[in-house]
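Worksheet: one structure, shown below.
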Amino acid sequence: MKLAELAKELKIPTESFIKFIQDFDLELSECISTNFEVKDDFAKFARENIVFLRKYSEDLNQNKSIEDIAENIDQPKDKVAEIIKKDKPKLFDNGKYKSSVSSFGIDNKLGGNYKFVYNYFGKNTHLAERDFIGYRDLFFFVSQTLEPYLSNISVQDWGIHRPAGIVLYGPPGSGKIFWAKKIAEIIDYEFKEIKKYFLGISFVDDQKITFNDFLIQIMKSEKTLLFLEDFDEIMSERSEDESVKSDDEETKEIILHYISHFEKENILMVGAANSLEKIDRELLAPGRFDVLIPVFPPNMKERSEMLFHHMTEDLSPDALLIKILEDNKAHQLPFWLEISKKMQAFSNTMLIDFTQSLKKRIRNLYLKNNSTTIKITQKMLDASLRDASSKLTGTYLDQIQQFIYDVSLNNYEDFTVRIEALKVEVEHYKIVDEPTKPIGFTHNDEIKQKK
(Lines give C-alpha, C1' and ligand atoms only; values in the text may rest on other atoms or scores of the structure.)
Protein backbone atom coordinates (compact mmCIF):
# COMPACT_ATOMS: atom_id res chain seq x y z
CA MET A 1 0.00 0.00 0.00
CA LYS A 2 1.25 3.47 -0.94
CA LEU A 3 1.29 6.24 1.69
CA ALA A 4 -1.24 8.23 -0.35
CA GLU A 5 -3.64 5.24 -0.26
CA LEU A 6 -3.28 4.88 3.53
CA ALA A 7 -3.89 8.62 3.89
CA LYS A 8 -7.06 8.37 1.84
CA GLU A 9 -8.29 5.33 3.83
CA LEU A 10 -7.80 7.08 7.20
CA LYS A 11 -8.89 10.51 5.91
CA ILE A 12 -5.62 12.09 7.02
CA PRO A 13 -3.63 14.19 4.50
CA THR A 14 -0.42 12.66 3.17
CA GLU A 15 1.39 15.87 4.17
CA SER A 16 0.38 15.28 7.81
CA PHE A 17 1.99 11.84 7.78
CA ILE A 18 5.17 13.29 6.26
CA LYS A 19 5.36 16.08 8.87
CA PHE A 20 4.66 13.58 11.65
CA ILE A 21 7.64 11.42 10.56
CA GLN A 22 9.85 14.53 10.55
CA ASP A 23 8.58 15.96 13.85
CA PHE A 24 9.19 12.70 15.69
CA ASP A 25 12.47 12.01 13.88
CA LEU A 26 11.37 8.52 12.86
CA GLU A 27 13.74 6.43 10.76
CA LEU A 28 12.39 6.48 7.20
CA SER A 29 13.21 2.84 6.55
CA GLU A 30 10.92 1.83 9.45
CA CYS A 31 7.97 3.82 8.07
CA ILE A 32 8.04 3.76 4.27
CA SER A 33 10.10 2.34 1.44
CA THR A 34 11.89 4.52 -1.11
CA ASN A 35 8.92 4.31 -3.48
CA PHE A 36 6.49 5.21 -0.65
CA GLU A 37 5.19 1.74 0.09
CA VAL A 38 4.00 1.81 3.72
CA LYS A 39 5.76 -0.61 6.09
CA ASP A 40 3.51 -2.99 8.05
CA ASP A 41 4.44 -1.51 11.45
CA PHE A 42 3.69 2.01 10.30
CA ALA A 43 0.29 1.02 8.86
CA LYS A 44 -0.51 -0.83 12.11
CA PHE A 45 0.54 2.20 14.18
CA ALA A 46 -1.55 4.57 12.03
CA ARG A 47 -4.71 2.47 12.29
CA GLU A 48 -4.34 1.92 16.05
CA ASN A 49 -3.56 5.60 16.71
CA ILE A 50 -5.93 7.20 14.23
CA VAL A 51 -7.44 9.49 16.91
CA PHE A 52 -4.03 10.94 17.79
CA LEU A 53 -3.01 11.32 14.14
CA ARG A 54 -6.23 13.17 13.33
CA LYS A 55 -5.67 15.51 16.29
CA TYR A 56 -2.09 16.00 15.06
CA SER A 57 -3.37 16.81 11.55
CA GLU A 58 -6.04 19.24 12.81
CA ASP A 59 -3.48 21.05 14.96
CA LEU A 60 -1.01 21.15 12.08
CA ASN A 61 -3.48 23.02 9.86
CA GLN A 62 -4.46 25.61 12.45
CA ASN A 63 -2.92 29.07 12.44
CA LYS A 64 -1.63 29.71 15.94
CA SER A 65 0.53 32.06 17.98
CA ILE A 66 3.32 31.16 20.40
CA GLU A 67 0.86 31.81 23.24
CA ASP A 68 -1.68 29.43 21.69
CA ILE A 69 0.92 26.66 21.35
CA ALA A 70 2.33 27.17 24.86
CA GLU A 71 -1.16 27.01 26.39
CA ASN A 72 -2.12 23.97 24.31
CA ILE A 73 0.90 21.87 25.34
CA ASP A 74 1.41 23.44 28.80
CA GLN A 75 4.99 24.53 28.10
CA PRO A 76 6.75 27.87 28.88
CA LYS A 77 6.33 30.51 26.16
CA ASP A 78 10.05 31.30 25.98
CA LYS A 79 10.94 27.65 25.30
CA VAL A 80 8.26 27.37 22.62
CA ALA A 81 9.56 30.58 21.03
CA GLU A 82 13.10 29.20 20.99
CA ILE A 83 12.04 26.03 19.15
CA ILE A 84 9.95 27.97 16.63
CA LYS A 85 12.77 30.42 15.96
CA LYS A 86 15.03 27.56 14.82
CA ASP A 87 12.43 26.30 12.34
CA LYS A 88 11.77 29.79 10.87
CA PRO A 89 8.10 29.17 9.94
CA LYS A 90 6.02 31.75 8.05
CA LEU A 91 4.19 34.33 10.13
CA PHE A 92 0.94 36.21 9.40
CA ASP A 93 0.71 39.97 10.07
CA ASN A 94 -1.46 39.26 13.12
CA GLY A 95 1.37 37.29 14.77
CA LYS A 96 -0.08 33.85 14.16
CA TYR A 97 2.03 31.19 12.47
CA LYS A 98 0.77 29.66 9.27
CA SER A 99 -0.12 25.98 9.11
CA SER A 100 2.66 23.35 9.12
CA VAL A 101 3.74 24.27 12.67
CA SER A 102 2.88 21.35 14.94
CA SER A 103 2.17 21.88 18.66
CA PHE A 104 2.81 18.15 19.18
CA GLY A 105 6.15 18.35 17.38
CA ILE A 106 7.26 21.25 19.59
CA ASP A 107 6.06 19.44 22.70
CA ASN A 108 8.07 16.37 21.67
CA LYS A 109 11.23 18.47 21.30
CA LEU A 110 10.61 19.92 24.76
CA GLY A 111 10.46 16.49 26.39
CA GLY A 112 6.78 15.62 26.10
CA ASN A 113 5.88 11.98 26.71
CA TYR A 114 5.29 10.21 23.39
CA LYS A 115 6.43 6.72 24.36
CA PHE A 116 3.50 5.19 22.50
CA VAL A 117 5.13 6.41 19.25
CA TYR A 118 8.61 5.14 20.01
CA ASN A 119 7.31 1.77 21.19
CA TYR A 120 6.73 1.14 17.49
CA PHE A 121 9.71 2.97 16.04
CA GLY A 122 12.34 3.02 18.76
CA LYS A 123 15.12 1.20 16.93
CA ASN A 124 17.59 3.14 14.83
CA THR A 125 18.89 1.77 11.56
CA HIS A 126 22.69 1.72 11.44
CA LEU A 127 24.10 4.50 9.27
CA ALA A 128 25.90 1.96 7.11
CA GLU A 129 22.57 0.30 6.30
CA ARG A 130 20.65 3.42 5.27
CA ASP A 131 19.84 4.28 1.67
CA PHE A 132 21.00 7.80 2.31
CA ILE A 133 21.90 9.97 5.28
CA GLY A 134 20.06 13.11 6.30
CA TYR A 135 18.27 15.14 3.64
CA ARG A 136 14.86 14.09 4.96
CA ASP A 137 13.37 17.43 3.91
CA LEU A 138 14.73 17.01 0.39
CA PHE A 139 13.55 13.38 0.21
CA PHE A 140 9.99 14.36 1.10
CA PHE A 141 10.07 17.38 -1.21
CA VAL A 142 11.20 15.11 -4.07
CA SER A 143 8.62 12.46 -3.18
CA GLN A 144 5.77 14.97 -3.08
CA THR A 145 6.87 16.26 -6.48
CA LEU A 146 6.80 12.70 -7.80
CA GLU A 147 3.46 11.79 -6.19
CA PRO A 148 1.66 11.63 -9.59
CA TYR A 149 4.06 8.79 -10.46
CA LEU A 150 3.34 6.93 -7.22
CA SER A 151 -0.47 6.84 -7.38
CA ASN A 152 -3.39 7.95 -9.52
CA ILE A 153 -4.88 10.10 -6.75
CA SER A 154 -3.23 13.35 -7.94
CA VAL A 155 -4.54 12.84 -11.47
CA GLN A 156 -8.02 11.53 -10.57
CA ASP A 157 -8.79 13.91 -7.70
CA TRP A 158 -6.85 17.01 -8.75
CA GLY A 159 -5.90 16.68 -12.41
CA ILE A 160 -2.19 17.10 -11.55
CA HIS A 161 -0.10 15.37 -14.19
CA ARG A 162 3.37 13.88 -14.09
CA PRO A 163 6.25 16.28 -14.70
CA ALA A 164 7.98 15.68 -18.05
CA GLY A 165 11.24 17.31 -17.06
CA ILE A 166 13.07 18.05 -13.79
CA VAL A 167 16.14 20.19 -13.15
CA LEU A 168 18.34 19.20 -10.20
CA TYR A 169 20.48 22.22 -9.41
CA GLY A 170 23.28 22.73 -6.90
CA PRO A 171 27.03 23.28 -6.58
CA PRO A 172 29.50 20.65 -7.86
CA GLY A 173 29.89 17.58 -5.67
CA SER A 174 26.51 18.00 -3.94
CA GLY A 175 25.14 14.68 -5.20
CA LYS A 176 22.91 15.53 -8.17
CA ILE A 177 23.53 12.20 -9.91
CA PHE A 178 22.75 10.41 -6.61
CA TRP A 179 19.37 12.15 -6.44
CA ALA A 180 18.66 11.45 -10.12
CA LYS A 181 19.20 7.74 -9.43
CA LYS A 182 17.09 8.04 -6.27
CA ILE A 183 14.26 9.56 -8.33
CA ALA A 184 14.48 6.63 -10.76
CA GLU A 185 14.30 4.25 -7.79
CA ILE A 186 11.32 6.05 -6.24
CA ILE A 187 9.23 5.89 -9.43
CA ASP A 188 10.60 2.50 -10.54
CA TYR A 189 12.08 3.78 -13.82
CA GLU A 190 15.23 2.55 -15.52
CA PHE A 191 18.07 5.07 -15.08
CA LYS A 192 19.85 5.89 -18.33
CA GLU A 193 22.50 8.58 -18.63
CA ILE A 194 22.71 10.55 -21.88
CA LYS A 195 26.40 10.48 -22.68
CA LYS A 196 27.90 13.53 -24.36
CA TYR A 197 28.59 11.60 -27.56
CA PHE A 198 24.84 10.83 -27.88
CA LEU A 199 24.20 14.54 -28.47
CA GLY A 200 25.98 14.69 -31.79
CA ILE A 201 26.33 11.92 -34.33
CA SER A 202 27.53 8.54 -33.09
CA PHE A 203 28.04 5.17 -34.73
CA VAL A 204 26.52 1.94 -33.41
CA ASP A 205 27.32 -1.27 -35.35
CA ASP A 206 28.67 0.94 -38.15
CA GLN A 207 25.34 2.75 -38.39
CA LYS A 208 25.10 6.52 -37.99
CA ILE A 209 22.86 7.45 -35.03
CA THR A 210 21.75 11.02 -34.30
CA PHE A 211 20.38 12.33 -31.00
CA ASN A 212 16.96 12.47 -32.66
CA ASP A 213 17.23 8.75 -33.50
CA PHE A 214 18.36 8.05 -29.93
CA LEU A 215 15.29 9.75 -28.41
CA ILE A 216 12.89 8.00 -30.78
CA GLN A 217 14.40 4.67 -29.79
CA ILE A 218 14.21 5.49 -26.06
CA MET A 219 10.51 6.40 -26.34
CA LYS A 220 9.82 2.85 -27.51
CA SER A 221 11.20 1.47 -24.24
CA GLU A 222 9.36 1.06 -20.94
CA LYS A 223 9.62 3.60 -18.09
CA THR A 224 12.96 5.34 -18.59
CA LEU A 225 14.57 8.22 -16.72
CA LEU A 226 17.00 10.10 -18.97
CA PHE A 227 19.74 11.90 -17.07
CA LEU A 228 21.59 14.78 -18.73
CA GLU A 229 24.62 16.28 -16.99
CA ASP A 230 25.81 19.87 -17.63
CA PHE A 231 22.21 20.85 -18.37
CA ASP A 232 22.90 24.53 -17.76
CA GLU A 233 25.72 24.57 -20.31
CA ILE A 234 23.95 22.54 -23.00
CA MET A 235 20.64 24.38 -22.54
CA SER A 236 22.05 27.88 -22.11
CA GLU A 237 20.31 30.83 -23.69
CA ARG A 238 21.89 32.42 -26.72
CA SER A 239 22.78 36.09 -26.24
CA GLU A 240 24.88 38.82 -27.82
CA ASP A 241 27.64 38.18 -25.30
CA GLU A 242 27.62 34.38 -25.43
CA SER A 243 27.32 32.08 -28.41
CA VAL A 244 25.89 28.57 -28.16
CA LYS A 245 27.44 25.51 -29.82
CA SER A 246 25.46 24.35 -32.84
CA ASP A 247 25.24 20.80 -31.39
CA ASP A 248 23.84 22.17 -28.13
CA GLU A 249 21.31 24.34 -29.97
CA GLU A 250 20.19 21.33 -32.00
CA THR A 251 19.91 19.21 -28.82
CA LYS A 252 17.75 21.89 -27.25
CA GLU A 253 15.42 22.03 -30.25
CA ILE A 254 15.06 18.23 -30.38
CA ILE A 255 14.20 18.05 -26.66
CA LEU A 256 11.69 20.89 -26.98
CA HIS A 257 10.09 19.03 -29.88
CA TYR A 258 9.68 15.72 -28.03
CA ILE A 259 9.12 16.74 -24.41
CA SER A 260 5.35 17.04 -24.82
CA HIS A 261 5.31 13.31 -25.64
CA PHE A 262 7.39 12.23 -22.62
CA GLU A 263 4.52 11.73 -20.14
CA LYS A 264 2.52 9.58 -22.56
CA GLU A 265 5.61 7.51 -23.42
CA ASN A 266 6.65 7.05 -19.74
CA ILE A 267 9.82 9.09 -20.16
CA LEU A 268 11.16 11.49 -17.52
CA MET A 269 14.15 13.66 -18.33
CA VAL A 270 16.25 14.96 -15.44
CA GLY A 271 18.89 17.61 -16.06
CA ALA A 272 21.74 18.38 -13.62
CA ALA A 273 22.84 22.02 -13.42
CA ASN A 274 25.26 23.95 -11.25
CA SER A 275 23.07 27.02 -11.68
CA LEU A 276 19.74 28.08 -13.20
CA GLU A 277 21.10 31.43 -14.31
CA LYS A 278 22.02 30.60 -17.93
CA ILE A 279 19.29 28.08 -18.77
CA ASP A 280 17.04 29.17 -21.63
CA ARG A 281 13.76 30.33 -20.05
CA GLU A 282 11.86 28.53 -22.81
CA LEU A 283 13.06 25.23 -21.33
CA LEU A 284 11.66 26.11 -17.89
CA ALA A 285 8.14 26.88 -19.15
CA PRO A 286 5.12 24.93 -17.78
CA GLY A 287 4.92 21.42 -19.17
CA ARG A 288 8.65 21.30 -19.81
CA PHE A 289 11.40 21.47 -17.17
CA ASP A 290 9.15 23.31 -14.73
CA VAL A 291 10.09 21.24 -11.65
CA LEU A 292 13.19 22.64 -9.94
CA ILE A 293 14.80 20.61 -7.15
CA PRO A 294 17.73 22.13 -5.22
CA VAL A 295 20.52 19.83 -4.03
CA PHE A 296 22.27 21.36 -1.01
CA PRO A 297 25.70 20.77 0.47
CA PRO A 298 25.18 18.77 3.70
CA ASN A 299 24.54 20.66 6.94
CA MET A 300 26.68 20.16 10.05
CA LYS A 301 24.70 17.19 11.43
CA GLU A 302 24.64 15.49 8.05
CA ARG A 303 28.38 16.05 7.64
CA SER A 304 29.13 14.24 10.90
CA GLU A 305 26.87 11.34 9.87
CA MET A 306 28.49 11.16 6.43
CA LEU A 307 32.00 11.21 7.87
CA PHE A 308 31.14 8.26 10.08
CA HIS A 309 29.39 6.48 7.21
CA HIS A 310 32.29 6.89 4.76
CA MET A 311 34.83 5.86 7.39
CA THR A 312 33.03 2.55 8.00
CA GLU A 313 31.46 1.86 4.59
CA ASP A 314 32.20 -1.60 3.11
CA LEU A 315 34.34 -2.66 6.10
CA SER A 316 34.04 -6.20 7.43
CA PRO A 317 32.96 -6.50 11.11
CA ASP A 318 36.47 -7.55 12.15
CA ALA A 319 38.31 -4.92 10.07
CA LEU A 320 41.39 -3.36 11.69
CA LEU A 321 40.02 0.11 11.09
CA ILE A 322 36.83 -0.73 13.02
CA LYS A 323 38.92 -1.65 16.09
CA ILE A 324 40.96 1.57 15.82
CA LEU A 325 37.78 3.65 15.49
CA GLU A 326 36.24 1.92 18.52
CA ASP A 327 39.38 2.52 20.62
CA ASN A 328 39.13 6.24 19.77
CA LYS A 329 35.33 6.32 20.31
CA ALA A 330 35.19 7.32 16.65
CA HIS A 331 32.51 4.68 16.06
CA GLN A 332 30.08 7.17 17.62
CA LEU A 333 28.74 10.36 16.04
CA PRO A 334 29.90 12.83 18.76
CA PHE A 335 33.52 12.18 17.75
CA TRP A 336 32.88 13.67 14.30
CA LEU A 337 30.85 16.70 15.33
CA GLU A 338 33.80 19.02 16.09
CA ILE A 339 35.61 18.42 12.80
CA SER A 340 32.32 18.71 10.88
CA LYS A 341 31.88 22.21 12.33
CA LYS A 342 35.05 23.23 10.50
CA MET A 343 33.71 22.00 7.16
CA GLN A 344 31.46 24.94 6.38
CA ALA A 345 29.82 24.55 2.93
CA PHE A 346 31.81 21.38 2.15
CA SER A 347 30.40 19.25 -0.64
CA ASN A 348 29.78 15.51 -0.37
CA THR A 349 32.87 14.95 -2.52
CA MET A 350 35.05 16.93 -0.09
CA LEU A 351 33.81 14.80 2.81
CA ILE A 352 34.80 11.64 0.94
CA ASP A 353 38.22 13.19 0.23
CA PHE A 354 38.63 13.86 3.96
CA THR A 355 37.80 10.28 4.97
CA GLN A 356 40.10 8.82 2.32
CA SER A 357 42.95 11.04 3.51
CA LEU A 358 42.36 10.11 7.17
CA LYS A 359 42.15 6.38 6.39
CA LYS A 360 45.52 6.54 4.63
CA ARG A 361 47.11 8.31 7.60
CA ILE A 362 45.75 5.71 10.01
CA ARG A 363 46.91 2.86 7.77
CA ASN A 364 50.42 4.35 7.43
CA LEU A 365 50.73 4.50 11.21
CA TYR A 366 49.60 0.90 11.48
CA LEU A 367 52.15 -0.24 8.87
CA LYS A 368 54.89 1.70 10.65
CA ASN A 369 54.17 0.35 14.14
CA ASN A 370 52.35 -2.90 13.30
CA SER A 371 49.88 -2.11 16.07
CA THR A 372 46.21 -1.06 16.22
CA THR A 373 46.95 1.07 19.29
CA ILE A 374 46.67 4.28 17.30
CA LYS A 375 45.35 7.58 18.59
CA ILE A 376 43.47 9.67 16.04
CA THR A 377 44.91 13.06 16.96
CA GLN A 378 43.69 16.54 16.20
CA LYS A 379 46.83 16.98 14.10
CA MET A 380 45.77 14.04 11.87
CA LEU A 381 42.25 15.39 11.56
CA ASP A 382 43.47 18.88 10.65
CA ALA A 383 45.92 17.51 8.07
CA SER A 384 43.14 15.54 6.39
CA LEU A 385 40.94 18.63 6.54
CA ARG A 386 43.62 20.60 4.63
CA ASP A 387 43.74 17.86 1.99
CA ALA A 388 39.98 17.95 1.54
CA SER A 389 39.96 21.76 1.43
CA SER A 390 41.91 21.79 -1.85
CA LYS A 391 38.57 21.82 -3.74
CA LEU A 392 37.27 24.71 -1.64
CA THR A 393 38.33 27.28 -4.23
CA GLY A 394 37.06 30.77 -4.85
CA THR A 395 35.25 29.46 -7.92
CA TYR A 396 33.45 26.84 -5.83
CA LEU A 397 32.41 29.46 -3.26
CA ASP A 398 31.10 31.68 -6.05
CA GLN A 399 29.02 28.73 -7.20
CA ILE A 400 27.67 28.31 -3.67
CA GLN A 401 26.76 31.99 -3.61
CA GLN A 402 24.98 31.67 -6.97
CA PHE A 403 23.16 28.60 -5.66
CA ILE A 404 21.94 30.54 -2.62
CA TYR A 405 20.58 33.19 -5.00
CA ASP A 406 18.88 30.56 -7.20
CA VAL A 407 17.32 28.60 -4.35
CA SER A 408 16.20 31.74 -2.51
CA LEU A 409 14.41 32.85 -5.68
CA ASN A 410 12.80 29.50 -6.53
CA ASN A 411 12.45 27.37 -3.37
CA TYR A 412 12.84 29.66 -0.34
CA GLU A 413 9.66 28.63 1.48
CA ASP A 414 10.46 24.95 0.96
CA PHE A 415 13.97 25.14 2.44
CA THR A 416 14.10 28.28 4.59
CA VAL A 417 16.14 26.74 7.42
CA ARG A 418 18.70 25.17 5.07
CA ILE A 419 19.13 28.36 3.05
CA GLU A 420 19.67 30.55 6.12
CA ALA A 421 22.13 28.04 7.63
CA LEU A 422 24.11 27.89 4.37
CA LYS A 423 24.27 31.70 4.24
CA VAL A 424 25.87 31.71 7.70
CA GLU A 425 28.41 29.06 6.68
CA VAL A 426 29.40 30.95 3.53
CA GLU A 427 29.94 34.12 5.57
CA HIS A 428 32.84 32.27 7.24
CA TYR A 429 34.80 32.60 3.98
CA LYS A 430 33.90 36.19 3.14
CA ILE A 431 36.83 38.62 2.77
CA VAL A 432 36.25 41.52 5.11
CA ASP A 433 39.11 43.78 3.98
CA GLU A 434 38.31 43.70 0.26
CA PRO A 435 34.70 44.91 -0.05
CA THR A 436 35.12 45.87 -3.72
CA LYS A 437 34.88 42.23 -4.82
CA PRO A 438 31.57 41.55 -6.64
CA ILE A 439 30.86 38.55 -4.36
CA GLY A 440 33.78 38.57 -1.98
CA PHE A 441 35.70 35.37 -2.48
CA THR A 442 39.37 35.01 -3.39
CA HIS A 443 40.10 32.94 -6.50
CA ASN A 444 43.17 30.79 -7.01
CA ASP A 445 44.64 33.10 -9.64
CA GLU A 446 44.23 36.10 -7.32
CA ILE A 447 46.03 34.21 -4.53
CA LYS A 448 48.96 33.54 -6.88
CA GLN A 449 49.18 37.25 -7.82
CA LYS A 450 49.35 38.24 -4.15
CA LYS A 451 52.20 35.81 -3.58
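The values are calculated or read from the model by the stated rules, or taken from the named source; none is laboratory data. Everything quoted here is computed from the prediction, not taken from an experiment. Cβ: placed from backbone, ideal geometry, glycine included. Neighbour counts: every protein chain shown.
Of the residues making up region 6-26, those that are at negative phi and more than 25 Å from the chain's Cα centre (by Cα) number 5. Put simply, of Lys55, Lys64, Lys44, Lys39 the only residue that is under 21 Å from Lys86 (Cα atoms) and of a type outside the set (A, V, I, L, M, F, W, C) is Lys64.
For region 390-418, a tally of residues being in contact with a strand residue (DSSP E or B) (Cβ under 9 Å, 6 or more places away or on another chain), under 16 Å from Ser275 (Cβ atoms) and in a helix (DSSP H, G or I) returns 4. Here Asp87 meets the list (1) modelled with pLDDT of 85 or more; (2) in contact with a helix residue (DSSP H, G or I) (Cβ under 7 Å, 6 or more places away or on another chain) almost entirely, failing just condition (1). Counting the residues of region 348-382 that are among the acidic types (Asp, Glu) and within 25 Å of the chain's Cα centre (by Cα) gives 1.
Screening Gln62 against (1) part of a helix (DSSP H, G or I); (2) out of contact with any Cys (no Cβ under 7 Å at 6 or more places or on another chain) leaves a single unmet condition, (1). Name the residue that is farthest from Asn410 (Cα to Cα), counting only residues in region 259-317 that are in contact with a Gly (Cβ under 8 Å, 6 or more places away or on another chain) and of a type in the set (Phe, Trp, Tyr). Here the answer is Phe262.
Scanning region 90-143 for residues that are modelled with pLDDT of 75 or more, in a loop (DSSP other than H, G, I, E, B) and more than 20 Å from Asp41 (Cα to Cα) gives Val101, Ser102, Leu110, Gly111, Gly112, Asn113, Tyr135.
Candidates in region 24-52 are the residues that are buried (at least 20 other Cβ atoms within 10 Å of the Cβ) and not aromatic (Phe, Trp, Tyr); of these, the one that is nearest to Lys109 (Cα to Cα) is Leu26. If the condition is being in contact (Cβ under 8 Å) with a residue 40 or more places away in the chain and of a type in the set (D, E, K, R), then region 369-422 contributes Lys375, Lys391, Asp398, Asp406, Glu413, Asp414, Arg418, Glu420. The residue of region 229-275 that is nearest to the chain's Cα centre (by Cα), among those that are small (Gly, Ala, Ser) and modelled with pLDDT under 90, is Ser236. Within region 33-59, being under 16 Å from Lys11 (Cβ atoms) and either assigned to a loop (DSSP other than H, G, I, E, B) or of a type in the set (Lys, Arg) (or both) holds for Arg47, Asn49, Arg54, Lys55.
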